[in-house]
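Read through the structure below, which is laid out as structure tokens, and then see the notes.
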């Protein structure tokens, strides 16, 4: 594997005048490059058949994700950026470094495991654990797959995402705001355990910074206050989580419900039957009560006022009761 010496030197030079950016220490990045000799550049290229479309399992704005089975038999997911990280690819450079920094500093069962990265003259990519069920968005878009995701598994997935966001917001320093919580960035393993992925536009909330930034995120999940302010807070993720919860329960994005919400208050006077995915059998009385409780938490996350939304720590605790 190429050890991206030129890339690191370039990054060091570009950060020399920026004290905040200097926190992205190249030495910290170097510590995971060799991957203990288990993963090498040539193996990744061969395992993906030189990143052939047949091995592609997903596409994004900055890169595509491939399934790679290594000679050891281990299967990994490889996010290959659309172009090598040259000086003129500033957006890709930023996403690459942000994702590396975020994932090397986090350890949580509901956050995708990060194995390493490589920047090469020909290919630049990140290596993750491979999660067999794929994205929640793909599952919900398939009637057969959605029917396999029962009410218990859906509630467990919701709790897993809440725990991951509580960890990012309250147990990391500086706190990390994901900024793109959506069904396409939620991956499920064989046991339907949820894992938050894609930290390319994550934001580290520095205590000595205003934390203003450009607009980013997935349409339909972005907090409404970002339409008139570019200040990022943890409450942006809280709103996105509320949308995701309703999507998990409904089996599709709740855009019609969100558009009906009054600008002054949230109307929670809605029948449970109207919110349930019709592809699943009707839940038992005890499950109905749990779903109603979960929906009430989701409604509180969708409050128009960021200050009135609960923190993810409170949300996580409420979902565990």
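Remarks
- Prolate/oblate/rounded call for region 95-211, Cα gyration tensor, a/c under 1.5 rounded: oblate
- Taking the fewest neighbouring Cβ atoms within 10 Å as the starting point, the ordered list for 259, 300, 284 is 259, 284, 300.
- Theoretical FRET efficiency, 1/(1+(r/R0)^6), r = Cβ-Cβ of residue 173 and residue 228, R0 41 Å, to 0.05: 0.90
- Shown for 150, 42: other C-beta atoms within 10 Å of each C-beta, ranked fewest to most, produce the order 42, 150.
- Taking a ≥ b ≥ c as the square roots of the eigenvalues of the alpha carbon gyration tensor, region 154-202 is oblate, as a/c is not under 1.5 and a/b does not beat b/c.
- Order of 229, 321 under a 10 Å beta carbon neighbour criterion, fewest first: 321, 229
- Prolate is the label for region 134-320, because the ratio a/c of its alpha-carbon gyration tensor axes (a ≥ b ≥ c) is 1.5 or higher and a/b is greater than b/c.
None of the figures in this text is laboratory data; all of them are computed from the coordinates on show. Please read these numbers as outputs of a predicted model, since none were measured by experiment. Virtual Cβ from ideal backbone geometry, glycine too; neighbours counted across all protein chains shown.
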